[in-house]
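What follows is a short report on a single structure.
The values are calculated or read from the model by the stated rules, or taken from the named source; none is laboratory data. These numbers come from a predicted model, not from an experiment. A quick note on method: Cβ atoms are made from the backbone with ideal geometry, for glycine too, and the neighbour counts reach across all protein chains shown. Note: accessible area is taken over every heavy atom of the protein model, side chains too, but ligands, DNA and RNA are not part of it. Shrake-Rupley method; radii C 1.70, N 1.55, O 1.52, S 1.80 Å.
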Amino acid sequence: QVQLVESGGGLVQAGGSLRLSCAASGSMFRINHMGWYRRPLGKQRELVAIITSDGASTVADFVKGRFSISRDNTKNTVYLQMNTLKPEDTGVYYCYADISITWNDRYDYWGQGTQVTVSS
C-alpha cells in the first residue's frame, strides 16, 4: 500500500513564504520522478514543478525565480519551497510521484491535496 502524505500548507500574507513536504510510504521498488501540481479556484490543475530521481528539476514559467523543488531520497520526501508568494498562488496543491512497485512497472500516485491561501 503506497501513500503520499503532504504537510506545510496554510495561510500566509503576500510576500511571505511556505514550504510544502510530501513523504511517500509503503512497499516500493523505486521512486522515479516526483512533483507538485496545483488547482486555483475555478481553474484546471496545472504543473508547478517536477524533479527526477537524480535531482534534475524543472519549474513552471509562472513561478520561476520564486519557487524551487528538492527531494531527500533517504526519506522518500519531496519539498516545494515557495517564496515571494502572491494572491494568484492561492489554490490546492497536490503532490505527485511516479513509483515502480517492481522492476518492470510504474504507476502515478497523488497526495490528497493541501490548501495554500495567500492574502493581500
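Residues that are of a type in the set (Val, Ile, Thr) and either out of contact with any Cys (no Cβ under 9 Å at 6 or more places or on another chain) or open to solvent by 30 Å² or more (accessible area, probe 1.4 Å) (or both) number at least 3 in the following strands (runs of 3 or more DSSP E) confined to the range 15-86: 46-51. Flag set for Asp108, criterion: exposed (fewer than 14 other Cβ atoms within 10 Å of the Cβ) and assigned to a strand (DSSP E or B). Screening Gln81 against (1) touching a residue at least 60 places away in the same chain (Cβ under 8 Å); (2) more than 12 Å from the chain's Cα centre (by Cα) leaves a single unmet condition, (2).
Consider the range 2-14 and keep the residues that are under 13 Å from the mean Cα position of the chain (by Cα) and either of a type in the set (A, V, I, L, M, F, W, C) or more than 22 Å from Tyr107 (Cβ to Cβ) (or both). The one that is least open to solvent (accessible area, probe 1.4 Å) is Leu4.
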